[in-house]
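Heads up, the thing below is written out as structure tokens.
The values are calculated or read from the model by the stated rules, or taken from the named source; none is laboratory data. Keep in mind that what you see is a predicted model, and the values were worked out from it rather than measured. Cβ placement follows ideal geometry from the backbone for every residue including glycine, while neighbour counts extend to all protein chains displayed.
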Amino acid sequence: MGKPDARKRRRPVAAGPQEASSSKQPRVLTQALLIARSVILIALLGAFANVSQLTLAPVYGSIPAGAWHPHVLITGCFAGWAGNLALRHLLPVRTAKLLPLVALCVPTAQFFLFRLSGPLGPRLGPLVTEGATLLPLAALTASSVADAAEGVRAPPLLPTFVADAAPGLLSWLVLQQARARSAAHIAAHVGSAFHYTRIGMELCLAGAWALLAPSAYLVLALPALLHTALVNPHVATFTGTAALNGRMRADGWALLARRESVTGYISVAQNTADMARVLRADHSLLGGDWVDYRGPKVTEPVYSVFVMLEAVRLVGRREPLEDADATALVM
């Protein structure tokens, strides 16, 4: 058999302008979807970080809850961004698929970690709690965004050093904006409905992650969801409140009412033996009165020191004193 005639061989035909433009359109659309998905992931992390700090306040106080919070968030983001290749090879699934699974288990993990608040104390407690809950979420989010950034091509006119640093810098700016805007939104609506409570917001954000990256692995979060809905005392459900009252009655206390607000977690508890009713905001007792010793005009306060401080503050002087020089000692 002879060789085929070279004139009959097909030559590659250069793509026309219409074919080139049509091939670019899917590429641009894919990159736009990657960028939008990354922005949503970062925004969810920023909102969840604020909710995580709010959840620690009733146990440790607002100041200890915020002491380690930015360090944990930065560490998780740096570890996930720098180790995205290692996570991609070590994990059996993509990091985005694990985000909703970890987020749905956070309320249950917090429930068990809060039981260690006594031994850990206000210094290590917030660090350990967020190190086991917020840090993995930050690492998985940063790793997912770093993976998506590899599929986005920078403009050809952009210098290389700018193109390499732009994804990380822009992601951090988006995170800071998401934290600021979500904090203002939470402060305006916290406690107004269940989905604006601390645990409610965590569950809603976890649900948003699940919609963004659905997977069959979400079945593994069912035990944690059942625990949160039925047993977790931090959720204001009938069963959760009953479980909380059962533990408090063992110590001689009963929960009368509770609600979340912009000033913190507000609750009213009563001592069943001494009949002392107190008001609690986050982890602090603001005051109260003796139920059995209520007078006709003024009730007897539990913490008379607050009344004494207020009386000293209202004492009139012949010569007014500057606030910087005013002092009061209550023994």
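So, Thr95, is that one among the polar types (S, T, N, Q) and closer than 28 Å to His234 by Cα or not?
Working: among the polar types (S, T, N, Q): yes; closer than 28 Å to His234 by Cα: no.
No, not satisfied.
When you check Ala146 against the structure, is it touching a residue at least 24 places away in the same chain (Cβ under 8 Å) and part of a helix (DSSP H, G or I), yes or no?
Numbers: touching a residue at least 24 places away in the same chain (Cβ under 8 Å): yes; part of a helix (DSSP H, G or I): yes.
It is true that Ala146 is touching a residue at least 24 places away in the same chain (Cβ under 8 Å) and part of a helix (DSSP H, G or I).
For Ala43, only one of the following conditions fails: (1) surrounded by 12 or more Cβ atoms within 10 Å (Cβ to Cβ); (2) at pLDDT below 95; (3) part of a helix (DSSP H, G or I). What is its number?
(2)
Suppose the filter is closer than 22 Å to Val51 by Cα, assigned to a helix (DSSP H, G or I) and touching a Leu at 6+ places or on another chain (Cβ under 6 Å); does Ala221 pass it?
yes
Rundown of residues vs (1) touching a residue at least 60 places away in the same chain (Cβ under 8 Å); (2) assigned to a loop (DSSP other than H, G, I, E, B); (3) among the hydroxyl-bearing types (Ser, Thr, Tyr), yes/no style:
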| position | (1), (2), (3) |
| --- | --- |
| Trp81 | yes, no, no |
| Arg88 | no, no, no |
| Val93 | yes, yes, no |
| Ala96 | yes, no, no |
| Leu101 | yes, no, no |
| Cys105 | yes, no, no |
| Thr108 | yes, no, yes |
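Could you tell me whether Ala187 is in a helix (DSSP H, G or I), at pLDDT below 95, within 17 Å of the chain's Cα centre (by Cα) and surrounded by fewer than 16 Cβ atoms within 10 Å (Cβ to Cβ)? Full working, then the answer.
On the way: in a helix (DSSP H, G or I): yes; at pLDDT below 95: yes; within 17 Å of the chain's Cα centre (by Cα): yes; surrounded by fewer than 16 Cβ atoms within 10 Å (Cβ to Cβ): yes.
Criteria met by Ala187.
Which of the residues spanning segment 192-237 are surrounded by fewer than 15 Cβ atoms within 10 Å (Cβ to Cβ), among the hydroxyl-bearing types (Ser, Thr, Tyr) and under 25 Å from Lys97 (Cβ atoms)?
Answer for segment 192-237, where residues must be surrounded by fewer than 15 Cβ atoms within 10 Å (Cβ to Cβ), among the hydroxyl-bearing types (Ser, Thr, Tyr) and under 25 Å from Lys97 (Cβ atoms): just Tyr217.
Could we say that Leu134 is within 23 Å of Pro107 (Cβ to Cβ) and in contact with a Ser or Thr (Cβ under 9 Å, 6 or more places away or on another chain) here? Quick ask: steps written out before the conclusion?
Numbers: within 23 Å of Pro107 (Cβ to Cβ): yes; in contact with a Ser or Thr (Cβ under 9 Å, 6 or more places away or on another chain): yes.
Yes: the conditions hold for Leu134.
Within segment 207-217, count every residue that is modelled with pLDDT of 95 or more and under 15 Å from Gly46 (Cβ atoms).
Total satisfying the criteria: 2.
Suppose the filter is under 21 Å from Val59 (Cα atoms) and modelled with pLDDT of 90 or more; does Leu220 pass it? Give the steps one after another, and end with the answer.
Values: under 21 Å from Val59 (Cα atoms): no; modelled with pLDDT of 90 or more: yes.
When the stated conditions are applied, Leu220 does not pass them.
Those residues that are loosely packed, with under 14 Cβ neighbours inside 10 Å and in contact (Cβ under 8 Å) with a residue 24 or more places away in the chain, I need them from segment 149-170; list them, please.
Gly151, Arg153 - these are the residues of segment 149-170 that are loosely packed, with under 14 Cβ neighbours inside 10 Å and in contact (Cβ under 8 Å) with a residue 24 or more places away in the chain.
What about Ser62, is it under 11 Å from Leu134 (Cα atoms), touching a residue at least 40 places away in the same chain (Cβ under 8 Å) and of a type in the set (Ser, Thr, Tyr)? Outline the logic, then answer.
Working: under 11 Å from Leu134 (Cα atoms): no; touching a residue at least 40 places away in the same chain (Cβ under 8 Å): yes; of a type in the set (Ser, Thr, Tyr): yes.
No; evaluated as a whole, the condition is false for this residue.
Residues checked against (1) outside the structural domain of Ser171 (by the TED database); (2) within 30 Å of Arg153 (Cα to Cα); (3) modelled with pLDDT of 90 or more; (4) touching a Ser or Thr at 6+ places or on another chain (Cβ under 6 Å):
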| site | (1), (2), (3), (4) |
| --- | --- |
| Val13 | yes, yes, no, no |
| Ser21 | yes, yes, no, no |
| Val39 | no, yes, yes, no |
| Ala47 | no, yes, yes, yes |
| Val72 | no, no, yes, no |
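Looking at Leu203, Leu226, Leu230, Leu222 in this structure, which one is in contact (Cβ under 8 Å) with a residue 24 or more places away in the chain and either assigned by the TED database to the domain that holds Leu137 or more than 30 Å from Ile42 (Cβ to Cβ) (or both)? Give the derivation first.
Values: Leu226 fails: in contact (Cβ under 8 Å) with a residue 24 or more places away in the chain; Leu230 fails: in contact (Cβ under 8 Å) with a residue 24 or more places away in the chain; Leu222 fails: in contact (Cβ under 8 Å) with a residue 24 or more places away in the chain.
After ruling out the rest, the residue left standing is Leu203.
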